[in-house]
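The values are calculated or read from the model by the stated rules, or taken from the named source; none is laboratory data. Quick caveat, the model's predicted, so the values are computed rather than measured. With ideal geometry, Cβ positions are generated from the backbone for all residues, glycine too; neighbour counts draw on all protein chains shown.
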Amino acid sequence: MRSDILTRSPLLAGIFYPGDEKQLFSEIAKFEIPSAPPDARSCAIVAPHGSFPYSGRVAAIAWGALRGAQPAVIVIAGAAHLPYEEGVFLSESTKFEIPGATLNVDAALQQHLLQEISSLRQDDLPHLEEHSIEMQLPFAAYLFPGVPILPLIISGWSDSTIATAVDLMKEIQLCHSEDSVLVISSDLAVSDTPEECDTLSKEFIASLQGKKHAMFHGVNTAKHSFCAESAIRSFLIANPRSRPELLEYRNSAAYREHTDEPVVGYGAIRFVR
C-alpha cells in the first residue's frame with residue numbers, strides 16, 4: 001500500500017460528534033475544558049470514547065489535564081473493538097481527517113519505532129473501522145492545532161502484545177522524554193446495571209495504584225469492558241513511578257433509551273510522575 005498518499009477519513013462525524021466544523025468546535029468549547037491541575041505535569045491521560053452526548057464532557061476533563069503542555073507529538077493509543085489478530089499496529093495512513101482539521105502522523109517517529117521494535121506492525125485495517133482514536137482527534141485539534149499524532153491500536157491481551165506495547169512506550173520516552181503526551185482512549189466497565197458498572201469501574205481505578213500489573217478481572221471482551229486495559233497496563237509497566245489521579249467519573253445510565261441497554265463507565269484519569 002502507498003502510505004505516502006493514504007488519508008484516514010472520519011467514520012463517525014455526524015453520528016458520535018458533529019459533522020460540521022463550526023458546530024464541532026462550538027460543542028467542544030461548550031464542554032469548558034478545565035485548566036490543568038497546577039501541582040504536577042500530566043504525562044498521560046485516559047479519556048473515554050463514547051459519543052459526545054454520552055462522554056464528551058468526561059473526555060474534555062481528561063484532556064484539560066494536558067492544557068499548558070507543548071508536545072512535539074501526541075501519542076493516541078486505542079483498542080480494537082472488532083475481531084482482529086493480536087499485536088500493536090501503527091497506521092499506514094499519514095493523515096487522519098475530521099471536520100475542519102487534518103492531523104498529520106509523525107512519520108519520522110513511526111519509522112524509527114518500526115526499525116527499533118521488530119514485533120511492531122504497520123497496518124491500516126485495524127484503524128479504518130475503529131472509533132477509539134477518532135473520538136480523541138477533535139480534542140487534539142482543538143487544544144494542539146498542528147501538532148502531529150502517533151495513532152496506534154493495541155489488539156489483544158497476550159504477553160507478547162503487552163511486551164510490544166511496553167517496548168514502544170519506553171522507546172517513545174527515549175525519543176521524546178519531556179515533549180510527548182500519551183492519550184489512552186478507553187471506556188471503563190460495561191455492565192447490565194449502573195450499580196455493577198460503578199463498582200467494577202471504581203475497583204479498576206483503585207487497582208491502578210498497585211504495583212502488580214496483572215490483567216484486571218473485570219475485563220470482558222464480549223462486552224468490551226475496559227477495552228484499552230492492555231494499553232493502560234502497558235503504560236504502568238513502562239512507567240512504574242507514575243501515579244494515577246481520577247479527575248471525573250460518570251456512567252451512561254442517564255442516557256439509556258431502554259432499561260436493558262448496557263451501562264458504560266466513563267473515567268477521566270491523569271498520570272503524573
Which pairs turn up if I take residues in the stretch 51-64 that are farther than 25 Å from R41 by Cβ and part of a helix (DSSP H, G or I) and look for partners that are at pLDDT below 95 and not polar (S, T, N, Q) with beta carbon separation below 7 Å, at least 6 apart in sequence or on another chain?
P53/Y255; Y54/Y255
Evaluation of F89 against (1) part of a strand (DSSP E or B); (2) in contact with a Gly (Cβ under 7 Å, 6 or more places away or on another chain) (one fails), failing number:
(2)
The condition of being small (G, A, S) and free of Cβ contacts under 8 Å to residues at least 12 places away in the same chain holds, among S26, S42, only for S26
Please go through the stretch 216-239 and give me each residue that is free of Cβ contacts under 8 Å to residues at least 40 places away in the same chain and closer than 15 Å to E171 by Cα, ordered by number.
L236
So is L150 modelled with pLDDT of 95 or more, surrounded by 23 or more Cβ atoms within 10 Å (Cβ to Cβ) and in contact with a helix residue (DSSP H, G or I) (Cβ under 9 Å, 6 or more places away or on another chain) or not?
no
Note on the stretch 11-49: residues more than 24 Å from A69 (Cα to Cα) and surrounded by fewer than 19 Cβ atoms within 10 Å (Cβ to Cβ) are L11, L12, G14, I15, G19, D20, E21, K22, Q23
Across (1) over 19 Å from the mean Cα position of the chain (by Cα); (2) hydroxyl-bearing (S, T, Y); (3) under 21 Å from G267 (Cβ atoms), S51 clears everything bar (1)
Within the stretch 18-49, the residues that are of a type in the set (V, I, T) and not in a loop (DSSP other than H, G, I, E, B) are I28, I45, V46
Residues within the stretch 63-84 that are surrounded by 21 or more Cβ atoms within 10 Å (Cβ to Cβ) and over 25 Å from L128 (Cα atoms), tallied:
3
Is it the case that some residue within the stretch 241-260 is among the aliphatic types (A, V, I, L, M), exposed (fewer than 15 other Cβ atoms within 10 Å of the Cβ), in contact (Cβ under 8 Å) with a residue 40 or more places away in the chain and more than 23 Å from D39 (Cα to Cα)?
no
Residue satisfying condition, being surrounded by 16 or more Cβ atoms within 10 Å (Cβ to Cβ), closer than 21 Å to M135 by Cα and in contact with an Asp or Glu (Cβ under 9 Å, 6 or more places away or on another chain), within set A228, A238
A228
